[in-house]
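See structure below.
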Amino acid sequence: MGGRFSRTRLLCATALVSIVGTAALAQEAPASGQAASSTPTAANSTPADGNEIIVTGSRRRTTLQDAPINISAVSAETLARERIDDVRGLAAFTPGLTAVDTGPASTGNIILRGINSGDTSDTGANHNTSVGVYLGEVPLYLDFKFIDIQRVEVLEGPQGTLYGLGTLAGAVRYIPNRPDTDRFSVDVHGRGYAESHSSDFGGDGDVTINIPIVKDHIAFRTATGYYDEAGFIDDNYILKNPGTSNPQPARGTTLGENGFGTSADYAANFRANHDINYEHTFTTRNQLLLEYNPNIKAYLTYAHQQTKTGGRQVNADNVLGTGNYEAPFRYAEPFDRKADLFSAEIYVNMFNIAQLVSATEYTKQKLTNTEDNTDLLLDLNYGYEAFPDFSSYAINHERDKQFDQELRLVSTHGGPISWVIGGFYNRLKQETDRHEYTPGFAEFAGIDRPDNLEYESSSHTQTAEKAAYGEGTLHITKAWQVTGGVRYYQYNVNTIGGQALPLIGVGVDPYPSTAILPSRFTPGHAAANGVVWKANTSYKFSDNLLAYATYSTGYRVGGANRVVPCTAADLARAAAGGQVLCALPNELFYGPDKTRNAEIGIRASLFDKRVQFTLDGFHIDWSDIQVPSQTTYGAIGILKNAGKAVSQGIEFTGSVKITPNLVVQANYAYDDAHLTSVAPNLVVVQDPQEQLDGEPGDRLPGSTKNSGSAQVTYTYPLGDGRAIEANWTAAYTGSIYSRVGLLGFGTRIPGYVTHRASLTYRTKKYDISLFADNIFDKYAVTSIGNDQSSLDRIRDAFGTVAGQGVVERFYTQSVLTPRRVGIDFNVHY
C-alpha cells in the first residue's frame, strides 16, 4: 500500500542523490594572483576582518577585497564569537544562503539564491544536489562540525569550471587548519548552557592537538569533539503496546481538543519521552602531513562523525491539544547517521611552471531511522481506521559509498596569463530500503502475516561522472583581467529498484518470506553529456575599489526512478480498483536541469578601510527543473522535469569601524525566485487527490525573499594581551513558502527576528564568555511537513457515526531552538 507523503519524501530524497563530485584540494598560496602554495596556514593564524580575509575559492590566494568573483567568507573569529557549530547557523551571516534549522536529525536543506523546487520538510536533508559542500576540497555528504576550521567560504553561482563538482547553484567550503611542523599546540574548547523548555542541560567540548614529528617534514593534527545538545520537544503519546494500545481513546474530538482520553486511558495506552530532539554527536578529524621538501608534500586525512537523536524537532500545531514544543507521534523516532571520510592530497611543484594536485577520496555513510507511519497509511483510504488500535511504523536504511579522484594543474610561472586545468571522476553507490509495519492489523483483518509487514521497497543505484574542466585568465593590465572557462561532463546512472505489498500478497512469497520477488524489480539507465562555461572580468579602479561581472552556466545530473514499469495487467487491476505499484513511461526517467547565472558586483574598502562592503546583483534562469513528484499508481516518490524559473536579487555585506574598538557588521539579501512558465502537475495534493499546475509568477519554496543580520562588537583593551569584548547580534529571517505558490494547501511561514549576545574576557592563553542565544525566547516555525489539508482531517472508521473518526497528525511544524544561556571557554597552549 503505497504512501503519499512520507514515502514520497523518502524516495524523492533517494532519487535526488545525484553525483556530487570532488573539487581540487584547498591550498593556501603565497600572494594574490599566484598559484595556491602547498604551505599550510598555521593553527593559530587569525584572518583579518571584513574584506581583508584571505580566501582561496578562486584557486588563487587573495584577499576578499581582490577576489574577482562573488564569494563570501566567515572567519574563525566569527564562528567562535557567534557559536556557529555547523552549517545550520551559517545562514544569518551569509547573504543569499538559506539553511533551515530542522534539528539534529539532518544537516538541514542548504539553498543558495532560491534554487529549490521541492516542498519544505520537517526532516531536512542529508544530501544536496544543487549546492556542493566541501571540507577544503573534499566533498562532504554529512555536515561535519566546525571544529578547527579556519574559515568558511560560500561561492554563489555555478562553479563547474574551477571545481570537479559541477554545481547548479554554488558551493560551500569549510577550510580546515593544517598540521604545522614547527610547534606543538593544544586548543581546548568547552561550552555549557541551560535551555528554556528543556529539563536537561546541554554542552559540548572539543580538543585540537598539533604534534610536530619531524621538523619541516612530518606533523600530525587531530581535532575531536563531543556534542551533548539538550532537546526541548516532548512526545507524551507514544504507544505502550502497539497493536493493542489505542492511539486515540477519545474518538469524536476535533483538531484542538484532547483526544487522548482520561488519565486512566492515558495510563493504559501511552508513555512519554521528554526532550526527544537531543543531539549526541561524536566527531573527529585527523591529518598527517608528509613533506619531502617544500615542493612535494601530501596530506592524509581520516574523518568520522556519528550523530544520534531521539526524534524530530517538530510540533503538530495544536492537533488534539498538543502544545508548541510537543510532538504527537505514536512511536519513538530515533535517528542515527554515521559517516567516514578517507582522503589523500598530494601537491607537487613542477619547475616553477605549475603545481600538480592529486586528490583521492573515499567516503561511506550509513543512515537509519524509525518513523511514525500511521497517518501516511490512513491517507490511502483503505479503511485502516476500522481497526480501533491501528498504528504503523517504518524503518529506513540508507548506505552510501563514494569514490572521487581529481587531478589538477595550476600555473605558477607568472606573467600576464594564468590557468587551471583539471580532470575529475566520481562514482557513487547507494542502497536504500524501507519496511512498513502495522502491528495487530493482520490478525484483526484475518490475514496470515504475523510479522505485519505491510510494505517494503529496496533500491540500488550507481552513478558515475567524468569531467574535464579549465579556466584561463588574461591580465590585460594590472587593473583589468578577463577569465574564460569551460567544462565537459558525461554521466551514467544505473539503477534497480522494486516494491512489494506483503500484507495483501503482492510482490512477495507468503509469510515468512520478506524477499521482494525478482519480477518486482526493474533496471533503469540514464546518461547524458554536455558543456558548461563561464566568462568573468574584473577591474581594479584602485587598491580599495574593485568591480566584477560573471556569466556562468551550471547543471545537475539526471537519473532513473526506481519504480517497476506498469504492465497491462497492472493497469487492468488499477481500473478495477485494486492496489498497484508501478510507473507509467513518462515516470521512469528524469533529465538534467540547468542554470544560467549573470551577476555584477562591487567591493570597496574606504576611509582607510574603516568602511568595507560588497554589493552585487544577480539573475539566474533555471530550466528543466527537477521536482519531486509521485507515480500515478501507488504514490511512489519520483523525480521529474517541469518548467522554468528565475531567481534574481541583490546581496550586501559590509562593516563599519566606528572607532578602533567599535565595529558594526551587517548583511542583507533580497531574492525573488519564481516560476516563469507553466509546470504541469507540479504539486501533488492528497485530499482531494489531484495534481496542480505551477503557473508563471508562483514563488519557489524553501528560501526567504528578505533576510539579513547586524552585529555590534565593542572591544575594551586591558593591556598585556587582555581585553573585554561585548557582542550583540540581531538576525532577520523573512517569510518562506512551504510549497510552490502556496498551491495545494501550502503554508506561508512567517518571518522572525532573533537576538544573541556575549560578553568575553580574553587573554593570550584563554578566553571565557557568558552568552545568550535567542535572548527573548522567540517561538517561530522554521519549516513545514506535509500540507494544511491534513491539519484538520478526520478519518471515519467504517460503520461509525459521523465525527467518530481518527484525527490525523500528519501536519507538522519544525520550530526554532529556544533560548540558551551559558558559559563558553577556550584554552590555548
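The values are calculated or read from the model by the stated rules, or taken from the named source; none is laboratory data. If you're wondering where the values come from, they're calculated on a predicted model, not measured in any experiment. Don't worry about glycine lacking a Cβ; one is built from the backbone with ideal geometry, like all the others, and counts go over all protein chains shown. Ligands, DNA and RNA are excluded from the accessible area calculation, which covers all protein heavy atoms including side chains. Shrake-Rupley method; radii C 1.70, N 1.55, O 1.52, S 1.80 Å.
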Test: residue in the range 727-738 that is over 27 Å from residue 772 (Cα atoms) and in contact with a helix residue (DSSP H, G or I) (Cβ under 8 Å, 6 or more places away or on another chain): no
Test: residue 159 is touching a residue at least 60 places away in the same chain (Cβ under 8 Å), among the polar types (S, T, N, Q) and assigned to a strand (DSSP E or B): no
Checking residue 541 against (1) modelled with pLDDT of 95 or more; (2) under 31 Å from the mean Cα position of the chain (by Cα); (3) not aliphatic (A, V, I, L, M), the condition it does not meet: (2)
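Does residue 584 count as farther than 26 Å from residue 728 by Cβ, buried (at least 20 other Cβ atoms within 10 Å of the Cβ) and not charged (D, E, K, R)?
No: the conditions fail for residue 584.
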Close pairs (6 angstrom Cβ cut-off, 6 or more residues apart or separate chains): more than 16 Å from residue 132 (Cα to Cα) in the range 395-407, of a type in the set (Asp, Glu) and modelled with pLDDT of 90 or more anywhere: 397/433; 399/431
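Take residue 78 and decide whether it is within 28 Å of residue 186 (Cα to Cα), modelled with pLDDT of 80 or more, of a type in the set (S, T, N, Q) and not in a strand (DSSP E or B).
Yes; evaluated as a whole, the condition is true for this residue.
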Matching residues in the range 233-242 - criterion: being assigned to a strand (DSSP E or B) and either among the hydroxyl-bearing types (Ser, Thr, Tyr) or surrounded by 21 or more Cβ atoms within 10 Å (Cβ to Cβ) (or both): 234, 235, 237, 238, 239
Single residue of the range 748-767 satisfying the filter (more than 30 Å from residue 699 (Cβ to Cβ) and either outside any strand (DSSP E or B) or in contact (Cβ under 8 Å) with a residue 60 or more places away in the chain (or both)) that is most open to solvent (accessible area, probe 1.4 Å): 764
Any strands (runs of 3 or more DSSP E) falling wholly within the range 243-315 and containing at least 3 residues that are open to solvent by less than 30 Å² (accessible area, probe 1.4 Å) and β-branched (Val, Ile, Thr): 279-293, 296-309
Count - residues of the range 354-371 that are closer than 14 Å to residue 408 by Cβ and either of a type in the set (S, T, N, Q) or open to solvent by 10 Å² or more (accessible area, probe 1.4 Å) (or both): 4
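Go through the range 695-719 and give me each residue that's over 23 Å from the mean Cα position of the chain (by Cα) and farther than 23 Å from residue 78 by Cα.
Answer for the range 695-719, where residues must be over 23 Å from the mean Cα position of the chain (by Cα) and farther than 23 Å from residue 78 by Cα: 695, 696, 697, 698.
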Elements of type strands (runs of 3 or more DSSP E) contained in the range 598-694, each with 2 or more residues being in contact (Cβ under 8 Å) with a residue 24 or more places away in the chain, more than 23 Å from residue 559 (Cα to Cα) and under 26 Å from the mean Cα position of the chain (by Cα): 611-623, 644-659, 662-675
First in the range 776-793 and open to solvent by 70 Å² or more (accessible area, probe 1.4 Å), second anywhere and aromatic (Phe, Trp, Tyr), Cβ under 8 Å, 6 or more apart: 778/752; 788/745; 788/811
Count - residues of the range 430-459 that are assigned to a strand (DSSP E or B), under 17 Å from residue 244 (Cβ atoms) and at pLDDT below 95: 0
Residue match in the range 395-402 (condition: under 24 Å from residue 244 (Cβ atoms) and either out of contact with any Leu (no Cβ under 6 Å at 6 or more places or on another chain) or at pLDDT 90 or above (or both)): yes
